[in-house]
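Scroll down for the structure; my scribbles are underneath it.
The values are calculated or read from the model by the stated rules, or taken from the named source; none is laboratory data. Note that the structure is a prediction, hence the values are computed from the model and not measured. Glycine also receives a Cβ, built like all others from the backbone with ideal geometry; neighbour counts cover every protein chain displayed.
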């Protein structure tokens, strides 16, 4: 899978200025985070459970406001804007779809957000049609969301977010419990969204998924950013990876093992590894 | 004498016509490490629940065929009797921990079974040691990390000294390092205590190397049942979207041009030694 | 949700935590009994003040104060109810005694809440189960009770998660008139209910797998054991109770009979 970061004009969409976040309980979850994300990027936030990934994500639509510093979404300071308004720009899909379904059928479920955002009825109808079609859920239109399978629920959660066409799409741990086919489909969806100019951010600890889809990787540990760069640079740095309870991607582990034969270590994908090994076998 | 015998097993819920399990035939011998894989919805979890009696005693449905576990006919034996022969660890640690101290949680099942206090003490000590969490004895499970919680869950099952342990996607919610630790632990328990393991797992990168046998399911049927190396050379794994370990994918790609892997490597070490051996031969 | 923090077990080390939970229960219960026996506000306030050093030693002062403030709302309600009843039933008249009475009742309520909060703050759900067991309460009931206690914080967390998800879909719970606000609770409570239901099934499966209900004679791995200090404290509590009853009898009732 090729690296598919698409920069369209480099508009700064998310700017995080030296923020700190302390929970009411006293725990400091974010400690001096600085971050810039441009439109069209595909970014993965990685780190151990409790590193601050979800806390950081919640700052993107104003669910949390930093206790120090500022977060700007498309130039708007999140402290001055409601969650509802920010959510129009930043659609967040949380980990567990069961935490949001309540309507009697899928169609109504999708319309909920659209109504809240004040879309007109004709527009709502069109958007529901589009979203159901795009996520392949048309046949479930009149079914209760509770009766869908796990994978279908995740697709519905995505359909809901996409229905109002946000600029930025954030996915919190989208690959948990998913099988290989579902993950492949997710990767294709991300490419498609990127191609349409959308900014996609995922919070994950699924190293293999990241290794295959090659986003820009931001490593978080104990509330700080300890690395920020392309997948091949960040995920292959064993010292930094260890700090985050992560392990090197399988392919990288192989390259480390073969490094004494002259193989480079900063390799994460199967295709690259195959090419290099074939070259070696052919004596190049 | 097989420790698990399944004959013509079919199951569907009373409210539906769809067979979740469709004529399953399978035997497992003591000491095996069976990896149960397949796309979401293929029936893996349902099959596991047919082994420990949750089906048909807890979940009502139409069951055909016979399931014999450790000489017990599952349909005719209450789950609490089966519990001493076959234990189960679930996906979400939070919903299988009942006590405010690790020690009490491990003792819970033994209390239910009416063991004497001395017997309980001995088994709790045994379980804590076997799983390597003696230092967590007096901690509250809810303060622990996900990986530690799963270790407590495993210990609380181990205390019953079952012959078989079934684990249904135990690493779903865990970070990669914890996932690796849990899978290594399971393997170690099997080696040291000769416990039969049935593991449902998507992360084949980590789990395939430990398995003596892989069973691939699809749509309620068993599609493939063989040892790991043979499984991954079959085309069904590619079609059914099985997450073939990356090492094997690389090896298969290389084999297409130069057949150097007569046996597919399950670990990096195997891959490395075969490749190195081949490179040395070529240079001669 | 900080209302509940005054009554939820706080996991720390303290001399009070180490006491046998039955003694703590006896302590809370006697404070309750004594406050019931006396109408005098001074007694209720004294009983409140006694709790301060206990809460301090138990390192739960902050939480104890929370239990106090949580009960203020209910106490105010009781106060005004009583004032109202006295006012209307005596032909729109309000005597000093009525006000004193209402005040005494509401302070008594506060004392009740705070006394039991000390017990709950220093006793684990497991110990609670053991106490209930020693009173011969059937295990099924005890277990259900403990599970409820254990899951309250989990549900509170889940409520927050659901709220976050729905706010991210444009739900604005602060806006609108009363009717709209009540309507806005539906997207919050339905997922909560559904998840509670789902979770119960998972828990029930885990219980089956751990042989719940296998034996009528369930063993208790841990047992409550009274140490010397527990006995000493128990004796002190009993003595205080006796004095309180005696004083009540001698000072108030006997002259009436005589």
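Checking B:236, B:169 one by one, the residue that is within 14 Å of another protein chain (Cβ to nearest Cβ), surrounded by fewer than 23 Cβ atoms within 10 Å (Cβ to Cβ) and under 22 Å from residue B:11 (Cβ atoms) is B:169 and no other. The residues of region C:164-189 that are facing chain A (nearest Cβ under 9 Å) and crowded, with 17+ Cβ neighbours inside 10 Å, listed by number, are C:164, C:165, C:166, C:167, C:168, C:169, C:170, C:171, C:187, C:188.
Please go through region A:47-72 and pick out each residue that is over 15 Å from residue A:15 (Cα atoms) and assigned to a helix (DSSP H, G or I). The answer is A:53, A:54, A:55.
Residue-by-condition table, conditions (1) in a strand (DSSP E or B); (2) touching a strand residue (DSSP E or B) at 6+ places or on another chain (Cβ under 8 Å); (3) under 22 Å from residue B:249 (Cα atoms):
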position	(1), (2), (3)
A:190	no, yes, no
A:202	yes, yes, no
A:209	no, no, yes
A:219	yes, yes, no
A:225	yes, yes, no
A:229	yes, yes, no
A:232	no, no, yes
A:247	no, no, yes
A:251	no, no, yes
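Could we say that residue A:137 is assigned by TED's automatic domain parsing to the domain that holds residue A:26, more than 25 Å from residue A:11 (Cα to Cα) and crowded, with 20+ Cβ neighbours inside 10 Å here? Yes, satisfied. The strands (runs of 3 or more DSSP E) falling completely within region B:10-123 that include 2 or more residues that are more than 21 Å from residue B:190 (Cα to Cα) map to B:21-28, B:62-69. Looking only at region B:175-195, decide whether some residue is part of a strand (DSSP E or B), at pLDDT 95 or above and either over 26 Å from residue B:2 (Cβ atoms) or within 14 Å of another protein chain (Cβ to nearest Cβ) (or both). Within region B:175-195, not a single residue is part of a strand (DSSP E or B), at pLDDT 95 or above and either over 26 Å from residue B:2 (Cβ atoms) or within 14 Å of another protein chain (Cβ to nearest Cβ) (or both). If you go through region C:1-57 and pick out every residue that is within 14 Å of chain B (Cβ to nearest Cβ) and crowded, with 20+ Cβ neighbours inside 10 Å, you end up with 3.
Does residue C:224 satisfy the condition of being in contact with a helix residue (DSSP H, G or I) (Cβ under 7 Å, 6 or more places away or on another chain), under 27 Å from residue C:30 (Cβ atoms), in a helix (DSSP H, G or I) and more than 14 Å from chain A (Cβ to nearest Cβ)?
Taking the combined requirement at face value, the residue does not satisfy it.
Only a single criterion out of (1) touching a residue at least 24 places away in the same chain (Cβ under 8 Å); (2) at the interface with chain C (Cβ under 9 Å from one of its Cβ atoms); (3) buried (at least 21 other Cβ atoms within 10 Å of the Cβ) is not satisfied by residue B:111, namely (1). Residues that are touching a helix residue (DSSP H, G or I) at 6+ places or on another chain (Cβ under 8 Å) and free of Cβ contacts under 8 Å to residues at least 24 places away in the same chain were ranked within region C:103-139; the one that is surrounded by the fewest Cβ atoms within 10 Å (Cβ to Cβ) is C:132. Residues in region A:33-42: is at least one buried (at least 19 other Cβ atoms within 10 Å of the Cβ), outside any loop (DSSP other than H, G, I, E, B), touching a helix residue (DSSP H, G or I) at 6+ places or on another chain (Cβ under 9 Å) and within 14 Å of another protein chain (Cβ to nearest Cβ)? So far as region A:33-42 goes, no, none of its residues is buried (at least 19 other Cβ atoms within 10 Å of the Cβ), outside any loop (DSSP other than H, G, I, E, B), touching a helix residue (DSSP H, G or I) at 6+ places or on another chain (Cβ under 9 Å) and within 14 Å of another protein chain (Cβ to nearest Cβ).
Out of all the residues in region A:239-264, which are touching a helix residue (DSSP H, G or I) at 6+ places or on another chain (Cβ under 9 Å) and loosely packed, with under 15 Cβ neighbours inside 10 Å? Hits for region A:239-264 are A:242, A:261, A:262, A:264. Scanning region C:85-98 for residues that are without any contact (Cβ under 8 Å) to a residue 12 or more places away in the chain, part of a helix (DSSP H, G or I) and within 19 Å of residue C:39 (Cβ to Cβ) yields C:85, C:89, C:96, C:97. Just checking, does region A:37-55 include any residue being more than 19 Å from the chain's Cα centre (by Cα) and closer than 23 Å to residue A:198 by Cβ? Checking region A:37-55: not a single residue is more than 19 Å from the chain's Cα centre (by Cα) and closer than 23 Å to residue A:198 by Cβ.
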